[in-house]
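This report concerns only the one structure given below.
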Amino acid sequence: MASGQQWVLVEMVQAFYEAPAYHLILEGILILWIIRLLFSKTYKLQETNKLTEKEKEELIEEWQPDPLVPLVSKDHPSLSYDIVTGPPSHKIIINGKECINFASFNFLGLLDNDRVKQKALTSLKTYGVGTCGPRGFYGTFDVHLELESRLAKFMKTEEAIIYSYGFATIASAIPAYSKRGDIVFVDEAACFSIQKGLQASRSVIKYFKHNDMEDLDRLLKEQQLEDHKNPRKAKVTRRFIVVEGLYMNTADICPLPELVKMKYKYKVRIFLEESLSFGVLGEHGRGVTEHFGVNIDDIDLISANMENAIASIGGFCCGRSFVIDHQRLSGQGYCFSASLPPMLAAAAIEALDIMEEDPDIFTVLREKCTSVYHALQGTSGLKLVGVPLSPSLHLQLERSSGSRDTDQRTLRRIVDYCLEREVALTIARYLEKEERYLPPPTIRVLVTVEQTDEEIQKAVSCIKEAALAVIS
């Protein structure tokens with residue numbers, strides 16, 4: 001036994017002599033480091049001197065908290081308002097001056113319609129001003145159910161649900177269906193309410209270039225390859241495409257027929273936001289599905305606000321019953337906000353009546369939109385953004401100064417020039433630090449059925465004159 005131990009010791013000594021020099025040095029350093037760690041103190045408490053009461057008071061006086069919000073100059077355009085008195089209808093009084101209104105989303109001229117106002121007044125006398133409760137807590141009135149039924153019938157869907165706030169409609173609908181781990185393919189020009197809905201959903205967001213179906217196809221193919229690698233995960237992951245019918249930020253129309261083809265090719269769901277296209281596109285104002293002749297059942301969910309063409313407040317979603325009913329339990333804006341005031345629901349119903357009784361109103365709107373679009377072509381220093389059928393067009397500087405603030409001030413001078421000559425326009429506003437893809441500064445020109453040919457000509461001439469005076 002003793003001889004065996006001696007043999008092991010001899011082998012260790014022999015290995016020590018045969019080992020490379022760098023190996024021995026490294027082991028020696030490690031051994032010394034271990035010994036140092038074992039016998040040295042891990043840390044030494046620093047001696048602190050107690051502050052006197054006077055020193056404490058001086059430190060407190062010197063301390064300045066960080067500002068709650070970033071500092072904004074007093075001349076920031078968002079802090080100055082043009083004051084409107086009276087209804088913002090065909091003619092609008094701004095800062096005491098009566099102007100032709102090219103600044104409101106009152107596309108069908110229903111905001112100051114006598115029938116709509118009388119219906120709202122009758123409802124006001126019957127129900128009072130508001131509801132003071134969400135739909136699930138004594139906030140559901142018979143007029144709400146009637147409006148939902150009428151919207152579903154108008155849009156030719158199984159069911160509709162109404163919200164009391166237009167912005168909250170799509171922002172509540174998206175997270176009601178898309179959850180953490182799900183995948184949403186969204187156009188990079190999507191409006192801010194869609195962006196907020198995506199943020200609330202906590203889903204995986206993949207942006208494709210604006211109206212670029214090749215880029216969307218690329219993203220869908222990439223996702224398909226990922227799904228093949230992990231079929232178990234793919235089986236429980238939902239996929240959505242979210243687009244606008246008529247884009248608020250770019251005034252152009254989504255290629256819906258191509259999107260529907262991709263829906264069935266890649267097995268995704270389509271959510272369509274139609275706040276700008278509802279009551280505008282299509283023979284009867286049903287939106288982009290009617291405009292392209294797409295079967296509305298091919299769209300999984302349609303949402304729109306009632307604050308533009310219908311000239312009321314709130315928004316709605318429509319689709320199949322089992323899809324819509326889910327929002328009654330999961331739509332945050334529906335479950336937790338006071339319901340739509342009955343007088344505004346009654347006004348929306350009357351607006352739908354007018355739209356159904358007089359479908360020629362949509363033809364008139366399309367003609368006026370096309371007229372304004374062609375008349376604004378070739379405005380010196382300004383680029384027209386949008387399509388001829390859009391009632392909300394954008395005028396953008398052909399050559400940017402390189403400074404967003406400078407561009408906005410230039411466009412504001414054009415708006416002020418027109419306002420002095422009794423033509424009301426508006427600057428498109430954005431939350432600049434919140435937008436995913438911030439659009440360039442633009443003047444928004446809004447078209448309604450009430451504007452006459454003479455007024456359109458006056459507005460166009462005024463804009464061109466202003467552009468020459470300000471830009472050149």
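The values are calculated or read from the model by the stated rules, or taken from the named source; none is laboratory data. Treat the numbers as computed from the prediction; the structure is a model and nothing was measured. So basically every Cβ, Gly included, is an ideal-geometry build from the backbone, and we count neighbours across all protein chains shown. What goes into the accessible areas is simple: the full protein's heavy atoms, side chains included, and nothing from ligands, DNA or RNA. Shrake-Rupley method; radii C 1.70, N 1.55, O 1.52, S 1.80 Å.
Quick test for you: out of 365, 384, 411, pick the one residue that is in contact with a strand residue (DSSP E or B) (Cβ under 9 Å, 6 or more places away or on another chain), open to solvent by less than 40 Å² (accessible area, probe 1.4 Å) and in a helix (DSSP H, G or I). Quick ask: steps written out before the conclusion?
On the way: 365 fails: in contact with a strand residue (DSSP E or B) (Cβ under 9 Å, 6 or more places away or on another chain); 384 fails: in a helix (DSSP H, G or I).
That would be 411, the only listed residue that is in contact with a strand residue (DSSP E or B) (Cβ under 9 Å, 6 or more places away or on another chain), open to solvent by less than 40 Å² (accessible area, probe 1.4 Å) and in a helix (DSSP H, G or I).
Which of the residues that make up the stretch 363-386 are more than 19 Å from residue 468 (Cα to Cα) and touching a helix residue (DSSP H, G or I) at 6+ places or on another chain (Cβ under 8 Å)? 368, 371, 386 - these are the residues of the stretch 363-386 that are more than 19 Å from residue 468 (Cα to Cα) and touching a helix residue (DSSP H, G or I) at 6+ places or on another chain (Cβ under 8 Å). Scanning the stretch 176-189 for residues being surrounded by 21 or more Cβ atoms within 10 Å (Cβ to Cβ) and either of a type in the set (Phe, Trp, Tyr) or within 19 Å of residue 325 (Cβ to Cβ) (or both) gives a total of 4. Inside the stretch 378-419, residues that are of a type in the set (Asp, Glu) and either under 21 Å from residue 277 (Cα atoms) or touching a residue at least 12 places away in the same chain (Cβ under 8 Å) (or both) make up a count of 2. The sole residue among 354, 324 that is within 24 Å of the chain's Cα centre (by Cα) and assigned to a helix (DSSP H, G or I) is 324. Checked against (1) touching a residue at least 40 places away in the same chain (Cβ under 8 Å); (2) in contact with a Leu (Cβ under 7 Å, 6 or more places away or on another chain), residue 275 passes all but a single condition, namely (2).
Give the number of residues within the stretch 217-232 that are in contact (Cβ under 8 Å) with a residue 12 or more places away in the chain, within 21 Å of residue 179 (Cα to Cα) and touching a helix residue (DSSP H, G or I) at 6+ places or on another chain (Cβ under 9 Å). Going through the stretch 217-232 one residue at a time, the tally reaches 3.
If you take the residues of the stretch 61-105 that are polar (S, T, N, Q) and open to solvent by less than 100 Å² (accessible area, probe 1.4 Å), which of them is nearest to residue 429 (Cα to Cα)? Show your work before the answer.
At the first step, the residues of the stretch 61-105 found to be polar (S, T, N, Q) are 64, 73, 78, 80, 85, 89, 95, 101, 104.
Now drop any that are not open to solvent by less than 100 Å² (accessible area, probe 1.4 Å), which leaves 73, 78, 80, 85, 89, 95, 101, 104.
On the way: 73: 17, 78: 8, 80: 13, 85: 21, 89: 21, 95: 20, 101: 18, 104: 14 Å.
Ranking the qualifying residues of the stretch 61-105, first place goes to 78.
Just to be sure I understand, how many residues within the stretch 420-472 are in a helix (DSSP H, G or I) and either out of contact with any Leu (no Cβ under 6 Å at 6 or more places or on another chain) or of a type in the set (Val, Ile, Thr) (or both)? Write out each step before concluding.
Our first condition is that a residue be in a helix (DSSP H, G or I); within the stretch 420-472, this holds for 420, 453-471.
Now narrow it down to the ones that are either out of contact with any Leu (no Cβ under 6 Å at 6 or more places or on another chain) or of a type in the set (Val, Ile, Thr) (or both): 420, 453-466, 468-471.
Selection size over the stretch 420-472: 19.
Against the criterion of being out of contact with any Leu (no Cβ under 6 Å at 6 or more places or on another chain), within 20 Å of residue 280 (Cβ to Cβ) and outside any loop (DSSP other than H, G, I, E, B), residue 152 qualifies. Out of curiosity, is residue 303 of a type outside the set (A, V, I, L, M, F, W, C), closer than 24 Å to residue 197 by Cβ and open to solvent by less than 10 Å² (accessible area, probe 1.4 Å)? The answer is yes for residue 303.
So that you can scan it fast, the table gives a plain yes or no per residue for (1) within 30 Å of residue 264 (Cα to Cα); (2) touching a strand residue (DSSP E or B) at 6+ places or on another chain (Cβ under 9 Å); (3) buried (at least 23 other Cβ atoms within 10 Å of the Cβ); (4) of a type outside the set (Lys, Arg):
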{"position": "308", "(1), (2), (3), (4)": "no, yes, yes, yes"}
{"position": "323", "(1), (2), (3), (4)": "yes, yes, no, yes"}
{"position": "349", "(1), (2), (3), (4)": "no, no, no, yes"}
{"position": "359", "(1), (2), (3), (4)": "no, no, no, yes"}
{"position": "380", "(1), (2), (3), (4)": "no, no, no, yes"}
{"position": "389", "(1), (2), (3), (4)": "yes, yes, no, yes"}
{"position": "396", "(1), (2), (3), (4)": "no, yes, no, yes"}
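The C-beta contact set for the stretch 59-80 (first residue at pLDDT below 75, second residue of a type in the set (D, E, K, R) and open to solvent by less than 100 Å² (accessible area, probe 1.4 Å), distance under 7 angstrom, 6+ apart or interchain) comprises 77/412.
Among the residues of the stretch 106-122, those identified as surrounded by 16 or more Cβ atoms within 10 Å (Cβ to Cβ), within 20 Å of residue 341 (Cβ to Cβ), more than 25 Å from the chain's Cα centre (by Cα) and of a type outside the set (D, E, K, R) are 110, 113, 116, 120. If you check 429, 444, 436 for being within 24 Å of residue 245 (Cβ to Cβ), at pLDDT 95 or above, within 29 Å of the chain's Cα centre (by Cα) and open to solvent by 20 Å² or more (accessible area, probe 1.4 Å), only one passes: 444. Under 8 Å by Cβ, and 6 or more places apart or on different chains, what pairs join a residue from the stretch 142-158 that is over 20 Å from residue 357 (Cβ atoms) with one that is open to solvent by 30 Å² or more (accessible area, probe 1.4 Å) and among the basic types (Lys, Arg)? Going by the 8 Å Cβ cut-off, the qualifying pairs are 157/320; 158/320.
Residues in the stretch 222-272 that are polar (S, T, N, Q) and touching a Gly at 6+ places or on another chain (Cβ under 9 Å) were compared, and the one that is nearest to residue 396 (Cα to Cα) is 250.
Determine whether residue 232 is modelled with pLDDT of 95 or more and either farther than 24 Å from residue 373 by Cβ or open to solvent by 20 Å² or more (accessible area, probe 1.4 Å) (or both). Criteria not met by residue 232.
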